[in-house]
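As structure tokens, the structure follows; a few thoughts come after it.
The values are calculated or read from the model by the stated rules, or taken from the named source; none is laboratory data. Everything numeric in this text was worked out from a predicted model, so none of it was measured. All Cβ positions, even for glycine, are placed from backbone atoms using ideal geometry, and neighbour counts span all protein chains on display. Calculation scope for accessible area: heavy atoms of the full protein, side chains included, ligands and nucleic acids excluded. Shrake-Rupley method; radii C 1.70, N 1.55, O 1.52, S 1.80 Å.
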Amino acid sequence: MSHSNCHGCSLCLLSCPMWQQQRDVQYSPQGLFKALQHNATHDDIAPALFSCLLCGACDILCPENIDITETIKTLRKEAFSHGIEAELNQKITSLLAQPSSELKIEENSIILPGKALRENPMRLTNIQSLLSSEADTALSLDDGDDIALALETGIEISEHRLHSFLEPLQGAKRLYVSNGHLLKSLRQWLPATELFALGHSLSLLSELTKKLNKNDLYLIEARSFHLDHKQKITHYDRLRHQQGCQMNLDLQRNAIPTAGGGLNAIKPMLESQEQLRWILSGHNIERIIVECSEDGAVMSQACDLPVLHIADLVEA
Ligand code: SF4
Ligand code: SF4
């Protein structure tokens, strides 16, 4: 289904961070698609187009089954081809041109932690050991952060760059991926490999989750969550009921994102503070537990409460 199928039901609005912040329908899938149906140009829609966090909340709400996030990526690509956001295009393209390693990794399980998690080596070591119960788990040499940014913007990834990223991962049976955009594409690129969202995998470990309590706000990583919403909501509901912890779920049972990481980190369009206000609204909490290091960094900067990564609970 394409944007021409949008009938303006507005279901996508309430879970959309763009709309929550702007309270202007132009900043929503509905606004974007209705504008295009009335011949708006890429220039007209560029501010909303580049504000989208690609959190995926709208994808699961749309009754027309429009793949909204993929449509937005295609529209960004078209906007670049019209010379819109040329500086951003150049910045991401130059990141993709950087050399990378093609060394093969021998272990059965590989973690792609991403830049933010790598900044905390002790946490990373904990995660490696938590996920190594059955087999050794190695760290990737290349996180593909540049590829994730290209995926967010529809920028073309050269065959050489993609090969250098995928080749070392080919022999692994399972991959734990921190970045939700990468996870979605890796499912297409490596169909024979078992692929897991890193934060969600940690949330399955009872040695960590038994330490959650009713005064905790548990932050689900939004992008990976919305990719497999039907399966994951059951798990998180069970966790919430077992431990009594609170979660960043809105009224439509979507995960509210922090706006940390990804494109919004290199070109801030949405305010993290506004996301936090929304996330914290109605919660009386003493501690915040995150699945994703980018979310943790945003929360630590913006509020006085202790913020722990779920892997840190092993020591709590
Ligand atoms: S992906 Fe998220 S930010 Fe983008 S339009 Fe959908 S709900 Fe809004
Ligand atoms: S939910 Fe889908 S059909 Fe409804 S307004 Fe949003 S994009 Fe259009």
Multiply the residue separation of Ser94 and Asp237 by 0.36 nm, subtract the distance between their alpha-carbon atoms, and state the gained length in nm to one decimal.
47.2 nm
Once you've got the GNM for the chain with C-alpha springs shorter than 10 Å, pick whichever of Cys55, Cys245, Cys292 has the biggest mean-square fluctuation.
Cys245
What cysteines in the chain have no other cysteine with a beta carbon less than 4.7 Å from their beta carbon?
Cys6, Cys9, Cys16, Cys52, Cys55, Cys62, Cys245, Cys292, Cys303
Toy charge model, Lys and Arg Cβ at +1, Asp and Glu Cβ at -1: the range 1-134 dipole around Cα centroid in debye, rounded to 20, equals 260
Where in the range 77-98 does the label zone of His160 land, with the point 7 angstrom along Cα→C-beta and an amide N cut-off under 19 Å?
90-98
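When the accessible area of the range 3-84 is computed with all protein chains present and a 1.4 Å probe, what percentage of it is carbon and sulfur?
Carbon plus sulfur share of accessible area: 49 percent.
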Which residue, chosen from Ile157, Ala197, Asn5, occupies the Cα position most advanced towards the positive end of the dipole of the chain, where the dipole is computed from +1 (Lys, Arg) and -1 (Asp, Glu) charges on Cβ about the Cα centre?
Asn5
Additional length obtainable on full extension of the chain from Asn39 to Leu141, 0.36 nm per residue less Cα span:
32.2 nm
Which value in deg cm²/dmol, rounded to the nearest 500, describes the helix-derived mean residue ellipticity at 222 nm for the chain, given -39,500 (n - 2.57) per DSSP H run of n ≥ 4 and division by the residue count?
-12500 deg cm²/dmol
Accessible area expressed per residue, the chain, with surrounding protein chains retained (probe 1.4 Å, Å²):
46
Please compute the net charge surrounding Ile279, taking Lys and Arg as +1 and Asp and Glu as -1 over other residues with Cβ under 11 Å from its Cβ.
-2
Taking the Cα centre of the chain as origin and charging only Cβ (+1 Lys, Arg; -1 Asp, Glu), how large is the dipole, in debye to the nearest 20?
700
If you average the alpha carbon positions of the range 231-269 and of the range 1-52, how far apart do those two centres end up, in angstrom?
22
How do Thr234, Thr193 rank by accessible surface area computed with a 1.4 Å probe, from largest to smallest?
Thr234, Thr193
So which trypsin sites (Lys or Arg not before Pro) in the range 124-229 pass both tests, a DSSP loop state and at most 16 other Cβ atoms within 10 Å of the Cβ?
Lys173, Lys210, Lys214
Bridge type composition, the range 205-314 - antiparallel percent by DSSP, nearest 5
10
Counting only GluC sites (Glu not before Pro) that sit in a DSSP loop (anything but H, G, I, E, B) with at most 14 other Cβ atoms within 10 Å, what is the longest stretch of the chain containing none of them?
157-270
Past the 21 angstrom mark, what percentage of all C-alpha to C-alpha distances in the range 115-235 do you count?
44
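Expressed as a rounded percentage, what relative contact order does the chain have, with Cα pairs under 8 Å and six or more residues apart?
Working: 504 pairs, mean separation 54.9, N = 316.
RCO, the chain: 17 percent.
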Out of all DSSP beta bridges in the chain, what portion is antiparallel? Express it as a percent rounded to 5.
5
Once label points are set 7 Å from the Cα along Cα→Cβ at both Met1 and Lys267, what is their separation, rounded to one decimal in nm?
2.8
Cα→Cβ-extended label distance, 7 Å offset, between Ser132 and Leu11, nm:
4.6
Go through Leu53, Gly144, Ile279 and say which Cα lies farthest out towards the positive end of the charge dipole of the chain; charges sit on Cβ, +1 for Lys and Arg, -1 for Asp and Glu.
Ile279
Lys211: which lysines have alpha carbons under 23 Å from its alpha carbon, excluding same-chain residues fewer than 8 sequence positions away?
Lys232
Pairs Lys73/Lys267; Lys34/Lys267; Lys115/Lys267; Lys115/Lys184: which are spaced more than 21 Å apart, C-alpha to C-alpha?
Lys34/Lys267
Taking a cut-off of 38 Å, what percent of all Cα-Cα pairs in the chain are separated by more than that?
12
Using unit Cβ charges (K, R positive; D, E negative) and no other charged atoms, how large, in debye to the nearest 20, is the dipole of the range 189-231 about its Cα centre?
180
Based on the Cα coordinates of the range 3-84, what is the per residue volume of their convex hull in Å³?
78
Of His235, Asn264, Asn254, which is farthest on the positive side of the dipole of the range 205-314, counting Cα position, with +1 on Lys and Arg Cβ, -1 on Asp and Glu Cβ, and the Cα centre as origin?
His235
